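The values are calculated or read from the model by the stated rules, or taken from the named source; none is laboratory data. Since we're looking at a predicted model, the values are computed, not measured. Backbone-built Cβ (ideal geometry, glycine too); neighbour counts: all protein chains shown.
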Amino acid sequence: MSATNDAQTLAPPISEKDHAEGPASARVTLVEYGDYQCPYCGAGYQIVKQLQKAMGKELRFVFRNFPLRRAHPFAEHAAIAAEAAGARSEAAFWSMHDTLYENQQALDDDDLAGYAKQVGLTSEELDQAYAGGAAADRVRTDFRSGVRSGVNGTPTFFVNGERYDDDWTNVDAFVAVLRAAAKANT
């Protein structure tokens, strides 16, 4: 059996363990496998914000970690910091998520400690998260799920569980795809 998913469908499906913005009852779910240090993901972050605005309550957005450690040396610690924040609350995760993307050029451990402090994490808690535990496990779990889903770069998007390989940089075209998916899911 192959380690990847030949059909390129999301594996595993969305669950209550995922970080999600938007209602669970939304007619379309957009999943991103992302890397906080990846410049393409930084561009994708801005695109997703536009998609969320255009789609409103019809869209649920889910983020899963896929740090490309060899290409982006700060990505794994950034993902762990986001997950450590998420252990506090979903709001803390999304605050950290946004902060990391909005500060992609400043993701070393000192920078991450400052961002963590803004969401109520101490430097000691962050250091413990880097050393192992639930936050690091969550990042590894997300990464493995990406591999099973056929992810081989970032960002990789899935629309209602199916990999989206078209041009994600064209907001109007992406919104049209999402609206069609929402209409098909009525």
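A search for C-beta distances below 6 Å between a residue of region 170-186 that is closer than 11 Å to ILE47 by Cβ and any residue that is hydroxyl-bearing (Ser, Thr, Tyr) and modelled with pLDDT of 95 or more, counting only pairs 6+ apart in sequence or on different chains, returns nothing.
Which of the residues spanning region 32-48 are crowded, with 21+ Cβ neighbours inside 10 Å and either assigned to a strand (DSSP E or B) or of a type outside the set (Val, Ile, Thr) (or both)?
Keep residues of region 32-48 that are crowded, with 21+ Cβ neighbours inside 10 Å, which gives 32-38, 41, 44-45, 48.
Residues satisfying the conditions are GLU32, TYR33, GLY34, ASP35, TYR36, GLN37, CYS38, CYS41, GLY44, TYR45.
Summed over region 49-95, the residues that are assigned to a helix (DSSP H, G or I) and hydroxyl-bearing (Ser, Thr, Tyr) give a count of 1. Would you confirm whether any residue within region 126-147 is surrounded by 22 or more Cβ atoms within 10 Å (Cβ to Cβ) and more than 25 Å from LEU10 (Cα to Cα)? Among the residues of region 126-147, at least one is surrounded by 22 or more Cβ atoms within 10 Å (Cβ to Cβ) and more than 25 Å from LEU10 (Cα to Cα), which makes the answer yes.
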